[in-house]
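Let me begin by presenting the structure, written as structure tokens, before commenting on it.
The values are calculated or read from the model by the stated rules, or taken from the named source; none is laboratory data. Everything quoted here is computed from the prediction, not taken from an experiment. Here the Cβ positions follow ideal geometry from the backbone for every residue, glycine too, while neighbour counts run over all protein chains shown. All accessible areas refer to the heavy atoms of the entire protein, side chains included, with ligands and DNA or RNA removed. Shrake-Rupley method; radii C 1.70, N 1.55, O 1.52, S 1.80 Å.
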Amino acid sequence: MPQAPSQKALVPFVSVENMMRLVHRVGLETMLAELAAEIERDFARWELFDKTPRVGSHSHDGVIELMPTSDGEIYSFKYVNGHPKNMGKGLQTVTAFGLLADVATGYPLLLTEMTLLTALRTAATSAMAARHLAPKGATSMAIIGNGAQAEFQALAMKAVLGITTVRLFDIDQKATEKTRRNLEGSGLAVTACNSAQAAIEGVQIITTCTADKQSATILTDNMVGAGVHINAIGGDCPGKTELHPDILKRADTFVEYPPQTWVEGEIQQMPKDYPITELWRVVTGLAEGRRNEKQITLFDSVGFATEDFSALRYVRSRIAGTDFYQLLDIIADPDEPRDLFGMLQRSVN
Ligand code: NAD
């Protein structure tokens, strides 16, 4: 008769279903605002983190990446893919799961779905960055690329900055219609536009979140007026960018972790002496964010491991005392640590 594993080795697991329940329990906008605060707190203690560019395995159709980090007490990693052609097969472009572990013992503390959580943390990071970089009192934004990330991006800007107006464009009208429908009742005034140029007209924040496994030019220099904040999240792989380099020449560019962004971000198009500012330096007051109304600011977002760390720790604290998780038997628990062989005998028929 197989014996039950001991409680001390069981790992809390948050399924997609439980993540959805958690989001509804907390409230989507509250969760986005709380995640933005958690991510900002970790950016404020940036130097503590063990940092490395993510490890990518690139193929013709996409990339599979591992994103590890640690603050010395807790370790985390995320497994994430990016496959733009997946949509044509009825699959998502980006899927993910992640793990938190105790540095002192190496034992896992949490395993969770991270496809939804990545959309939430990416949107929360965008909003956190925009709070430092967008024009003061910004109320309007455009979203170019109305796929899986789009609604989360809009709602995080609403929750954190108070955005009231969203203008949408996608080369696929069905994507724009899906996003418009999903945002009905959100309190945002949403307009579907028939070009990127029309979408960005008069807005203070431009978010680009398109997916293509090649350099694309979603925005050209003549489209971008003085004073806007550009939140470029779609270009996040070698050879995959969204902005014409002339925009970067006029903009002040802010990045997460330079060794990763130089390889994956919009700045991969620029010479190595192109000036960039690390976002954590703005968060801690070591560097200036927006200086004036004319300045074009660009958050060249690629997604960094500390943002996943913050999101994972947030979820761990939020599921405490709830039934939004299951306990997984994924760590061996011999009665005597060296008797792994003896443990095997527990399941003899
Ligand atoms: P998705 O495939 O669900 O949506 C992408 C949308 O972009 C599609 O609707 C497509 O029609 C549209 N699109 C493609 N080319 C376009 C163009 N030229 N103009 C307008 N629209 C265009 O993908 P998603 O999950 O929303 O992700 C979008 C991008 O963001 C991906 O490249 C992904 O890798 C990236 N991403 C970045 C981060 C980050 O932290 N920076 C996090 C998550 C995703």
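For the chain, DSSP calls about 50 percent of its internal beta bridges antiparallel. Seen from residue 15, the other residues with C-beta closer than 11 Å to its C-beta sum to a net charge of -1, counting Lys and Arg as +1 and Asp and Glu as -1. Mean projected area of the Cα convex hull of the range 205-337, taken over all directions, amounts to 12.8 nm². Based on DSSP H segments of at least four residues, each scored -39500 (n - 2.57), the chain has a per-residue ellipticity at 222 nm of -9500 deg cm²/dmol. Rounded to the nearest 0.05, the FRET efficiency derived from the C-beta distance between residue 8 and residue 346 at R0 = 22 Å is 0.90. Each Lys and Arg Cβ is given +1 and each Asp and Glu Cβ -1; about its Cα centre, the range 67-157 then shows a dipole of about 400 debye. Sequentially through the range 221-230, phi angles give Karplus couplings (6.51, -1.76, 1.60; θ = phi - 60°) of 4, 5, 7, 9, x, 5, x, 7, 10, 9 Hz, Gly and Pro residues having no value and appearing as x. Derived scalar couplings between HN and Hα for the range 149-163 equal 7, 4, 4, 5, 4, 5, 6, 5, 5, 5, 5, 9, 10, x, 4 Hz in order, rounded to whole Hz, by the Karplus curve 6.51 cos²θ - 1.76 cosθ + 1.60 (θ = phi - 60°), x for Gly and Pro. Working note: Debye formula, equal point scatterers on the alpha-carbon atoms of the range 90-200, no solvent; log10 I(q)/I(0) at q = 0.11, 0.12, 0.20, 0.22 Å⁻¹ is -0.42, -0.49, -1.05, -1.19.
Candidate cross-link partners of residue 136 among the lysines, defined by an alpha-carbon separation under 24 Å and a same-chain spacing of 8 or more, comprise 158, 249, 294. Fraction of C-alpha pairs exceeding 22 angstrom in the range 152-247: 28 percent, rounded to a whole number. For residue 342, the shell of other residues with beta-carbons less than 15 Å away shows a net charge of -2, using +1 for Lys and Arg and -1 for Asp and Glu. Only bridges whose two residues both fall in the range 50-180 count here: according to DSSP, what percent of them are antiparallel, nearest 5? Here the share of antiparallel DSSP bridges comes out near 85 percent. Take every pair of alpha-carbon atoms less than 8 Å apart whose residues are at least six positions apart; their mean separation over the length of the chain yields a relative contact order of 22 percent. Counting only DSSP beta bridges with both residues in the range 160-313, the antiparallel share comes to about 5 percent.
Build a GNM of the chain with springs between Cα atoms under 10 Å: which of 250, 181, 167 gets the top mean-square fluctuation? With Cα springs under 10 Å in the chain, the top fluctuation among 250, 181, 167 is at 181. Here the translational diffusion coefficient of the range 3-112 follows from Stokes-Einstein with Rh set to the Kirkwood radius across Cα pairs; for 20 °C and 1.002 mPa s it amounts to 130 µm²/s.
Counting only Cβ charges, +1 for Lys and Arg and -1 for Asp and Glu, the dipole size of the chain around its Cα centre is about 620 debye.
So between residue 29 and residue 189, what do we pick up on full extension, going 0.36 nm a residue minus the alpha carbon distance?
56.0 nm
Simple point charges give the picture: +1 on the Cβ of Lys and Arg, -1 on the Cβ of Asp and Glu, and for the range 1-160 a dipole about the Cα centre of about 300 debye.
With every protein chain kept in place and ligands, DNA and RNA left out, what is the accessible area per residue of the range 31-117? Probe 1.4 Å, answer in Å².
46
Extent along the principal axes, Cα only, for the chain: 72, 43, 39 Å, with the longest axis given first. 3J(HN,Hα) along the range 112-121: 8, 4, 9, 5, 5, 5, 5, 4, 5, 6 Hz, from the Karplus curve 6.51 cos²θ - 1.76 cosθ + 1.60 with θ = phi - 60°, whole Hz, x for Gly and Pro.
For residue 278, the residues whose modelled amide H falls within less than 5 Å of its own, excluding neighbours fewer than 5 places apart on the same chain, are 255.
Positive end of the dipole of the chain (Cβ unit charges, origin at the Cα centre): among 163, 119, 348, the Cα lying farthest that way belongs to 163.
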